[in-house]
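The values are calculated or read from the model by the stated rules, or taken from the named source; none is laboratory data. Computed from a predicted model, the values in this text were never measured in an experiment. Here the Cβ is made from the backbone with ideal geometry for all residues, glycine too, and neighbour counts use every protein chain on show.
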Amino acid sequence: MAPMDKVVSLAKRRGFIFPSSEIYGGLNGAWDYGPLGAELKRNIKEAWWKDMILSHDETATMSSAPSSFAMVGLDSAILMNPKVWEASGHVGGFHDPMVDCRETKGRYRADQLVIFQLIAEGSHLPGAGFKDLLFASPGEAGKTPNAELLMPHKKRIKAIRKKLEMDSEFQIKPIENALTKDALRAKIFAPGASKPGTLTAPRSFELMLKTKVGALEDKSSVAYLRPETAQGIFVNFKNVCDTTRVKLPFGIGQIGKAFRNEINPRNFTFRSREFEQMEIEFFCKPGDSDQWYKYWCDRRLQWYLDLGIDPSKLHLREHSSRELAHYATGCADIEYSFPFGISELEGIANRTDFDLGQHMKASGKDLRYFDDTETDKEKRRYLPHVVEPSAGVDRATLAFLCDAYVEDEVGSEQRIVMKLHPRIAPIKTAVFPLVKKDGMPEKAMAIYRSLSKNFNSFYDEKGAIGRRYRRQDEAGTPFCITVDGDSISDNTVTVRDRDTCEQLRLPAEELVAYIDNQLTH
Ligand code: GAP
């Protein structure tokens, strides 16, 4: 099985992630988190909230923050006044160009089609067949080009980009323009097509999901499911300033659902139509935004590393100046080497005063900050600049799942173990009686009950002890506690470490302190 298939299969088998409404055949781009997945995702969100909002002071002093700062949280509505999306540029601007293959009925985002140009040129790249090179799963239409495999052919791809006047694979517009040319499309082989020229010209695909609010169904009842949580923060900027009296620099963080009508939901939960974001809008004095941008890039990268992500798989990709939006002065992606290729986990952007400026213009409300530390009276009111670290909860969850998946051997036995950081592991402790007699189940149950008050715990008395360990290894449970014959006489238990399989013996009354210490260090 390919590495990604193994993760998907374990996620389904152990109840991390299920297809949404599976008994009806599912719904493309929507996923449900099962009992283990719900805990994992919740732990990731809680770690983010604690580290970024609640205890940011600790991290600020430990790290190289340019100055002290405040952080507050927000929970804004998914449904907002549609004028928000006009001001933000999402209505009218938030669309992807797509092309369809008339023969295979495959649908592709135009930016994926740079790859097809390689094919159009008849370039059979050396090594594997070109489909293996180009797509994560050979033959599957609409998959992300496999960035890692394309690496050796960088020079060639660069030449093709140049020909199409593209600066980057991620710039859609020039590709879209190129694909409007019939002559070019006539030469392109779509994946799986028997002949060239089966692609339609690009068409705009509205990315916002529309709904209707209220009893009437007319133009005035149109509303959108928010495509990002960020705008909820911008439109509440004044409310937060007025009610909390926070001073610059400060950040507002929010976790919540977002919806995009993606053309091609793909790579398991990586690109979904319903997903969750963890976003910060960090407001600062205009002259300080470069320093804060740098700070947030480092801080956010470190967060994934502190939660155990393999450093060799995590990258910070700084966008070239030509890739930047017209208002942005800096943008970087935190990327992870997923089994299907290197892809974005989080974006960090220096957005200047663009968003607040847009909302001030469109709403007619003065959104300027009053800076009472400014000595020059004329300069006391201004729009702060904004640094935005914007992360996807589902993508982080998927990266943690892929990173944790390990197949190894214990003695002569093969096992699958999810080496999740103890902070985010769904179950922290599992308690087993060695056998179902001699008072062991009763003692184990009493220990389980006391641990459950502190940590998500699991009790299991069924089957051979080795099997019970294996099941917890797959769930990513860092500590398994076994009650044996000695436990009855001396009140000690064994604690088995998930990763090393080493066991130590501890008095039962020390368990909570021991595990607590392991979870916080
Ligand atoms: N406010 C800025 C913003 O929304 P974005 O790069 O479009 O920026 C930020 O999205 C993050 O949200 C991405 O880095 C990704 O983690 C997550 N995200 C975006 N679209 C997604 C999708 N269709 N499925 C899952 N996660 C998505």
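Inside region 469-490, residues that are touching a helix residue (DSSP H, G or I) at 6+ places or on another chain (Cβ under 8 Å) and either among the small types (Gly, Ala, Ser) or at pLDDT below 95 (or both) make up a count of 4. Residues that are part of a strand (DSSP E or B), among the aliphatic types (A, V, I, L, M) and touching a residue at least 24 places away in the same chain (Cβ under 8 Å) do not occur anywhere in region 501-512.
Listed by position, the strands (runs of 3 or more DSSP E) contained in region 231-320 that have at least 1 residues being acidic (Asp, Glu), more than 11 Å from the ligand (Cβ to nearest atom) and surrounded by fewer than 21 Cβ atoms within 10 Å (Cβ to Cβ) are 314-318.
Residue 417 meets all of the listed conditions (1) under 29 Å from residue 17 (Cβ atoms); (2) assigned to a helix (DSSP H, G or I) but one, namely (2). The single condition among (1) assigned to a strand (DSSP E or B); (2) out of contact with any His (no Cβ under 6 Å at 6 or more places or on another chain) that residue 217 does not satisfy is (1). Can you tell me which residue in region 371-412 is farthest from the chain's Cα centre (by Cα), limited to those that are buried (at least 23 other Cβ atoms within 10 Å of the Cβ) and more than 15 Å from the ligand (Cβ to nearest atom)? Only one residue fits best here, namely 384. On the given criteria, is residue 214 surrounded by 14 or more Cβ atoms within 10 Å (Cβ to Cβ) and without any contact (Cβ under 8 Å) to a residue 40 or more places away in the chain? So residue 214 fails the test.
Can residue 348 be described as within 16 Å of the ligand (Cβ to nearest atom), among the β-branched types (Val, Ile, Thr), in contact with a Cys (Cβ under 8 Å, 6 or more places away or on another chain) and touching a residue at least 40 places away in the same chain (Cβ under 8 Å)? Here the answer is yes, as residue 348 does meet what is asked. For region 433-445, the criterion of being in a strand (DSSP E or B) and outside the structural domain of residue 46 (by TED's automatic domain parsing) is met by at least one residue.
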